[in-house]
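Here the structure is laid out as structure tokens; the discussion comes afterwards.
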Amino acid sequence: MSAEKKLKKKQVNDYEIKLSSDLDQITDNTVINDDVIAVIAYMAVKEVPGVIAMGGGGFVGDIAEKLGKKSLDKGIKVQTTGETVVIDISIFVEYGVKIPEIAVSIQNNVRKQVEEMAGKKVVSINLIIQGVKLHPNESKEFFE
């Protein structure tokens, strides 16, 4: 046997796959930025009826938005440790919705989307209800 490691070849559906008995040779790496996970979470939250707005940007976030910088991760904080993720989400809900039901829907949808799209294990989703608002269409009628 030679000092070099031999690669075996296998033909699968017109593709040649190289197999190695030593997996230490594989050096490929994919890094998913926390901002990407935040955008996935943001889109998953928007799919849940009853969420009026994302919040928690604070003073700096408000200034950035007024300057025209819209962020798809507003109100979302992501902490990644290895292959696990903790997500904090701040939202405003529509007046009249059942907050516990919306909370469960958001947590389930965010967990599903992040785990499917990013391949990371979501260990905790902390949902902060920042406030309750009237739906934009109803608020105009209500105050007129």
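Roughly speaking, what is the stretch gain from Ile32 to Val97, that is 0.36 nm per residue apart minus the C-alpha to C-alpha distance, in nm to one decimal?
20.0 nm
With 21 Å as the limit, write out which pairs from Lys98/Lys120; Lys46/Lys98; Lys112/Lys133; Lys74/Lys98; Lys77/Lys98 have Cα-Cα distances beyond it, or answer none.
Numbers: Lys98/Lys120 29 Å; Lys46/Lys98 16 Å; Lys112/Lys133 27 Å; Lys74/Lys98 23 Å; Lys77/Lys98 24 Å.
In this structure, Lys98/Lys120; Lys112/Lys133; Lys74/Lys98; Lys77/Lys98 exceed 21 Å between Cα atoms.
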Report summary line: Note, Lys121: beta-carbon cut-off 13 Å, +1 each Lys/Arg, -1 each Asp/Glu, net 0
Requested in this report: Obtain the nm distance between the two label points defined at Gln79 and Glu116 by a simple spin-label model: each point lies 7 Å from its Cα along the Cα-to-C-beta direction.
Outcome: 2.8
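Taken together, the values in this text are just the output of simple stated rules run on the coordinates, not laboratory data. No experiment lies behind these values; they were computed from the predicted model shown. Every residue, glycine among them, receives a Cβ derived from its backbone with ideal geometry; neighbour counts consider all protein chains shown.
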